[in-house]
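Each remark here refers to the structure printed beneath this line.
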Amino acid sequence: AAKDQGKNRFMIFENRMHEQLLNRLDQEARLRDAVHRGELRLHLQPVVGVPDGRMHGVEALVRWQDPERGLQQPGTFIPLAEETGMIVEIDRWILREACHTVRQWQQHSPQTAPDWVSVNLSAAHLELADLTGQVAYALAATGLSPHCLVLELTETVLMRDLAVTAARLQELRDLGVRIAIDDFGTGYSSLGYLRDIPVDVLKIDRSFITGLVGNGRQQELVSAVIQLGHTLGLRVVAEGIEDADQLALLTVMGCKFAQGYHLGRPEAVGALYERRQKETATAHPG
Ligand code: C2E
Ligand code: MG
Ligand code: MG
Ligand code: MG
């Protein structure tokens, strides 16, 4: 009987594995179709000037309008997309859509349009031989000025192969595109790569902003990172600002750009556009 029980348990385990595998294959297939079926959505989150409060730029964030499960956040499908390589296609779509959207906005309503858009790139993208060609193509096809595009890469991605990365990024910068280090402080940051890798923007990770209020040591750290960035001539953006107290502290620290729910959540392009039109009309009536 004990033997049978063991066997049963194993079968239950096996069934569960089988079920998980089928789920994964199913999701993989549906994600693969998502791009072609037009189920990806571009959302934009404002990057705001401190202390002027003006929207200077936007970050492009992908969403998946899954017909079965509704609007999906990147956390639910980006890992699978990265494992399967589908991320390259997703990133290419977002890049093109972001460039197109911001260019159209700048043309139709320059007073309310963002000055720049930043797009996230996964590791796989940096390994593509023709990354520079793809970016150049997206710019040429949409008419967006290279100075209006920022590419965001995480430290971990940047550190993979310093020599290759540095050369690749320099090609992109030669186009006029800027490079941001995303989630700064969460990877294996060695200061050496700030010396060797050409970057323009440093985005301080949200984990350094959470708990900032009331933590003197963390405040010293964030303040030092802001000074370091400015000394190196970089634009520094603080991520994940969720309340007015955090914003007040960052203002005192001399931070010039901030992003977070307190300043604006990621939203569909149409919604952000409409809100900007209304805000501007209220600020400058007639
Ligand atoms: P990220 O690039 O660091 O983007 C910032 C994330 O923080 C976004 O999550 C944003 O919605 C969230 N966020 C912004 N402000 C706040 C805040 O005040 N509080 C909190 N709790 N969260 C805030 P999202 O959109 O879920 O994206 C998560 C990550 O997925 C991104 O982190 C990025 O690494 C990745 N991702 C998003 N879109 C793309 C894409 O098109 N391509 C690639 N390769 N990765 C993407
Ligand atoms: Mg980012
Ligand atoms: Mg980030
Ligand atoms: Mg992140």
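Taking every DSSP bridge with both residues inside the chain, close to 40 percent are antiparallel.
For the chain, adding -39500 (n - 2.57) for each run of n ≥ 4 DSSP H residues and dividing by the number of residues yields -16500 deg cm²/dmol at 222 nm.
On a per residue basis, segment 21-97 carries 47 Å² of accessible surface, using protein heavy atoms and a 1.4 Å probe. When DSSP beta bridges are restricted to pairs lying wholly in segment 111-184, around 0% turn out antiparallel.
Pairs of Cα atoms under 8 Å, at least six residues apart: use those to get the relative contact order of segment 16-142, whole percent.
Numbers: 137 pairs, mean separation 29.1, N = 127.
Result for segment 16-142 is 23 percent.
Comparing mean-square fluctuations of R30, R178, R41 from a GNM of the chain with C-alpha springs under 10 Å, the top value falls on R30. Carbon-plus-sulfur accessible fraction, segment 158-286 (probe radius 1.4 Å, protein heavy atoms only): 54%.
Using +1 at the Cβ of each Lys and Arg and -1 at the Cβ of each Asp and Glu in the chain, identify which of V199, L169, F77 lies farthest towards the dipole's positive end. Result: F77, furthest along the dipole toward the positive end.
Its alpha carbons considered, the chain gives a radius of gyration followed by a Dmax of 21.5, 85 Å. Extension gain, H100 to T156: 0.36 nm times the residue separation minus the Cα-Cα distance gives 17.3 nm.
For the chain, relative contact order (Cα pairs under 8 Å, six or more residues apart, normalised by length) works out to 17 percent.
Restricting the calculation to Cα atoms, segment 172-286 yields a radius of gyration followed by a Dmax of 16.4, 53 Å. Working from label points 7 Å from Cα in the Cα-to-Cβ sense, the E14 to D174 distance is 5.8 nm. For segment 108-240, the relative contact order comes to 20 percent (Cα pairs under 8 Å, sequence separation of at least 6).
In this structure segment 135-286 gives 49 Å² per residue of accessible area when probed at 1.4 Å with all protein chains present. Here the accessible area is traced with a 1.4 Å probe on the protein chains. For segment 23-100, carbon and sulfur cover 49 percent of it. The C-alpha atoms of the chain define a longest principal axis, and helix 2-37 lies at about 40 degrees to it.
Summarising the label geometry, the points placed 7 Å from Cα in the beta-carbon direction at A141 and A268 lie 2.4 nm from one another.
Picking from V237, V150, V225, which is most flexible by a Gaussian network model of the chain using Cα springs under 10 Å? So, out of V237, V150, V225, the one fluctuating most is V225.
Ranking V177, V269 from most to least accessible surface, computed with a 1.4 Å probe over the protein chains only, gives V269, V177.
For the chain, with a Gaussian network of springs between Cα atoms less than 10 Å apart, report the residue from R96, R276, R168 with the top mean-square fluctuation. Taking springs between Cα atoms under 10 Å, the residue moving most is R276.
The values are calculated or read from the model by the stated rules, or taken from the named source; none is laboratory data. Note that this is a predicted model, so its numbers are computed, not measured. We place every Cβ from the backbone using ideal geometry, glycine too, and count neighbours over all the protein chains shown. Surface accessibility is based on the protein's heavy atoms, side chains included, excluding ligands, DNA and RNA. Shrake-Rupley method; radii C 1.70, N 1.55, O 1.52, S 1.80 Å.
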